[in-house]
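A.B. asks: For reference, the structure I am asking about is given below.
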Amino acid sequence: MRKIVFMLTIASMFWSCGKAKKSRLNYPETAKVDTVDYYFGHAVPDPYRWLEDDNSEETKAWIKAQNELTEWYLQQIPFRDQIKERLTKLWDYPRSSAPFKKGGYYFVFKNNGLQNQSVAYFMKNLGDEPQVLLDPNTFSEDGTVSLTTFEVSDDGKYVAYGISRGGSDWNEFFVKEIETGKTLDDHIQWVKFSGISWYNDGFFYTRYPEPKPGDELKGVNEHNKIYYHKLGTPQSSDVLIYEDPKNPQWGYNVSLSEDKKYMAIRITRTTSGNALYIRDMQTQKITKIVENFDNDYFLIDHVNGKLLFMTNNNAPKYKVIAIDPKNHVSSNWADVLPEGEGVLRSVSLVGGKMIANYMENAYSRIKIYDLEGKYLYNLDNDEIGTIGGFDGDINDSETFYTLTSFTTPATIYRYDIQNNKSELYERPNIDFDPSQYETQQVFYTSKDGTKVPMFIVHKKGLKLDGKRPTLLYGYGGFNVSLTPSFSVTRLIWLENDGVFALANLRGGGEFGKEWHKAGTKMQKQNVFDDFIAAAEYLINNKYTNPKRLAIQGGSNGGLLVGAVANQRPELFAVALPAVGVMDMLRYHLFTIGRYWATDYGTSQDSEEMFLYLKNYSPLHTIPTSTYPATMVTTADHDDRVVPAHSFKFAAALQNMYQGTNPVIIRIETKAGHGAGKPTAMIIQEYADLWSFAFYNMDFTPKVK
């Protein structure tokens with residue numbers, strides 16, 4: 001039996017050399033086991049395999065010891081509490097989502113400032129006093145139960161909603177009567193990644209079988225199925241609509257046309273590409289439209305006898321096509337909106353118009369068309385920002401949208417569709433003056449000569465002397481596009497004459513399918529090279545220097561930070577990898593990790609793929625002498641990227657790196673991959689992150 005020893009003594013014992021700030025920490029001792037895996041004849045030790053068991057008492061003791069060390073270290077930072085106070089003040093402003101109309105009511109989500117979760121309201125008319133419909137803050141004492149899904153029935157009588165407990169991807173569905181506020185007995189469990197599609201007196205959804213006890217947060221998710229739930233009946237009576245026992249790893253997504261005549265079934269096996277089936281709701285016949293997984297198809301609606309889809313089939317930047325459900329052969333498909341210069345991100349059919357949301361150089365441009373695809377006009381906006389919204393039905397006369405930027409929180413506009421007129425509906429009032437700051441977009445050159453865009457935000461007139469504390473953020477994967485967005489957390493950097501930079505790396509979706517593919521599988525190193533080149537640009541152009549540069553990323557971005565810190569540790573003062581994919585040889589063996597194989601490949605594919613993954617896997621490439629100050633962050637309920645990734649990486653880092661920069665791990669409890677995290681928890685987390693970063697840059701922030 002292995003013996004695991006932890007240093008749980010008095011605080012002074014955490015330092016191996018007493019008082020010096022740069023002395024090496026005395027880390028909790030982490031036991032090693034003799035686990036070895038063989039890949040194509042190559043032996044790969046996995047000494048911290050035991051940390052994959054999140055239910056063991058040994059793992060729990062390790063978590064406790066690591067958190068005690070991290071908390072002790074953070075308590076030594078003199079300005080930690082002041083940063084938390086400033087973040088709390090900045091966060092304390094009322095804010096709302098864009099309203100949307102359904103079933104004769106308007107719905108909106110509001111937060112009075114520091115509420116842990118936003119509250120759902122409804123009203124009959126826009127000028128009415130909003131009434132509380134769902135307050136997730138009453139679901140738990142600490143705000144760790146969050147609202148995930150919210151779907152109003154067509155008649156406006158009910159809302160079906162999903163909740164997540166402790167940040168898990170597992171959802172539970174409930175139903176509430178809107179007018180009376182009565183919660184029905186309906187209760188759906190073991191749901192993941194499912195929407196709710198109302199139909200008659202019930203709704204369609206997808207779910208997995210109940211996992212074995214102890215496997216809830218790490219077991220492989222298989223055998224997804226489509227069900228129909230009739231109101232007033234138990235889940236055990238739900239009608240199975242579709243399954244494919246021969247393909248247990250496939251997942252399903254259901255959407256209905258507004259007229260309820262057709263159901264589109266998207267079948268996925270990775271994060272890119274889907275097969276497409278159509279179900280005629282009158283005959284219940286399911287027709288296979290696309291059986292390969294080469295491209296993506298998203299249902300827009302059923303218009304004039306044709307089903308409109310947004311797709312990247314023969315259109316890397318997406319287009320809109322029309323499919324006749326009665327004559328669906330691909331040779332009969334017709335382009336409605338051909339591929340344009342920008343990437344088409346979404347399409348809304350509202351007020352008899354087609355509102356197309358394009359991304360050009362990673363920020364939003366809105367174009368309006370008629371239902372046949374004839375261009376009408378643009379939405380008037382020249383700001384470098386992100387626009388979202390435009391919810392509504394095809395006959396509505398109005399809709400709402402939000403506009404946000406790096407320095408401006410989401411501002412809501414009401415849009416008169418017929419007259420193409422926008423009017424300000426609501427502007428948040430925050431203790432921050434955006435007019436004092438500027439955003440520029442630069443294009444820098446990566447290692448192979450590729451031009452990569454990056455947004456840079458700072459105070460107007462900031463002196464570029466190479467000494468600015470700078471935060472560089474990236475993601476670079478899964479066709480995800482990083483566009484301008486407002487974050488209260490980053491304001492601390494800007495207020496302290498700091499710089500925030502966001503790099504639009506390959507692997508993302510900013511320029512379509514080819515940009516995405518250029519950062520996947522055997523080209524994944526391009527992503528890391530792009531990020532390194534971004535750091536070098538900031539240094540060479542006198543924004544900062546390696547002693548004042550911090551890098552941050554989460555999930556796939558956590559992998560990015562871990563890999564880049566390993567490859568170029570001398571380039572950064574601080575590394576902040578969050579909920580990262582750190583073990584590239586075993587990621588596909590947990591929960592839904594197999595879905596990421598389109599981007600990563602797996603260690604089982606071929607010897608070449610195995611060697612490529614091992615060559616950049618953060619867990620397997622840790623240097624010993626030079627490393628930035630690092631705080632790994634994860635959470636105990638993360639069942640997307642299981643926390644074992646971060647546990648094993650932190651253990652290996654503490655064991656292998658022999659320098660004096662701190663390498664610690666912060667493990668949140670009752671939290672998951674990030675979605676739904678309560679406000680109080682977020683404020684404390686970022687107070688810790690920024691305190692750690694500034695402290696290890698030898699920079700004392702001036703906090704208002």
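A.B. asks: Name the single residue, out of those in the range 165-205 being buried (at least 22 other Cβ atoms within 10 Å of the Cβ) and among the hydroxyl-bearing types (Ser, Thr, Tyr), that is modelled with the lowest pLDDT.
C.D. replies: Ser168
A.B. asks: Further question: In this structure, does Pro248 turn out to be assigned by TED's automatic domain parsing to the domain that holds Gly103, more than 23 Å from Ile289 (Cβ to Cβ) and either surrounded by fewer than 20 Cβ atoms within 10 Å (Cβ to Cβ) or under 25 Å from the mean Cα position of the chain (by Cα) (or both)?
C.D. replies: So Pro248 fails the test.
A.B. asks: At least 1 residues that are over 24 Å from Val574 (Cα atoms) in each: list the strands (runs of 3 or more DSSP E) lying fully within the range 404-498 that qualify.
C.D. replies: Correct list: 411-416, 421-426, 437-445, 451-459.
A.B. asks: Tell me the strands (runs of 3 or more DSSP E) entirely within the range 150-244 that contain at least 3 residues that are in contact with a Lys or Arg (Cβ under 6 Å, 6 or more places away or on another chain).
C.D. replies: Because the criterion is at least 3 residues that are in contact with a Lys or Arg (Cβ under 6 Å, 6 or more places away or on another chain), the strands (runs of 3 or more DSSP E) in the range 150-244 that meet it are 183-191.
A.B. asks: Oh, and also: Would you check if there is a residue in the range 381-391 being aromatic (Phe, Trp, Tyr), over 24 Å from Trp515 (Cβ atoms) and surrounded by fewer than 22 Cβ atoms within 10 Å (Cβ to Cβ)?
C.D. replies: no
A.B. asks: Does the range 74-92 include one or more residues that are assigned to a loop (DSSP other than H, G, I, E, B), closer than 30 Å to Tyr401 by Cα, touching a strand residue (DSSP E or B) at 6+ places or on another chain (Cβ under 7 Å) and modelled with pLDDT of 95 or more?
C.D. replies: no
A.B. asks: Can you name the condition, by its number, that Ala652 falls short on among (1) under 21 Å from Val527 (Cα atoms); (2) among the small types (Gly, Ala, Ser); (3) more than 25 Å from the chain's Cα centre (by Cα)?
C.D. replies: The one condition Ala652 does not meet is (1).
A.B. asks: Can I ask one more? Could you please find all residues in the range 320-336 being more than 19 Å from Lys288 (Cβ to Cβ) and either surrounded by fewer than 21 Cβ atoms within 10 Å (Cβ to Cβ) or assigned by TED's automatic domain parsing to the domain that holds Ala518 (or both)?
C.D. replies: Answer for the range 320-336, where residues must be more than 19 Å from Lys288 (Cβ to Cβ) and either surrounded by fewer than 21 Cβ atoms within 10 Å (Cβ to Cβ) or assigned by TED's automatic domain parsing to the domain that holds Ala518 (or both): Ala334, Asp335.
A.B. asks: So, one more: Quick one: in the range 541-560, of everything that is under 23 Å from Lys467 (Cβ atoms) and touching a Gly at 6+ places or on another chain (Cβ under 7 Å), which residue is surrounded by the fewest Cβ atoms within 10 Å (Cβ to Cβ)?
C.D. replies: Taking the candidates together, the pick is Lys542.
A.B. asks: Would you point out the residue of the range 624-656, among those that are in contact with a Ser or Thr (Cβ under 6 Å, 6 or more places away or on another chain) and of a type in the set (A, V, I, L, M, F, W, C), that is surrounded by the fewest Cβ atoms within 10 Å (Cβ to Cβ)?
C.D. replies: Met656
A.B. asks: With the requirement that a residue be more than 15 Å from His673 (Cα to Cα) and surrounded by 24 or more Cβ atoms within 10 Å (Cβ to Cβ), what does the range 577-586 give you?
C.D. replies: Asp583, Met584
The values are calculated or read from the model by the stated rules, or taken from the named source; none is laboratory data. From a predicted model like this one, the values you see are computed outputs, not experimental measurements. Quick reminder, even Gly has a Cβ in these numbers, built from the backbone with ideal geometry, and neighbours come from all protein chains shown.
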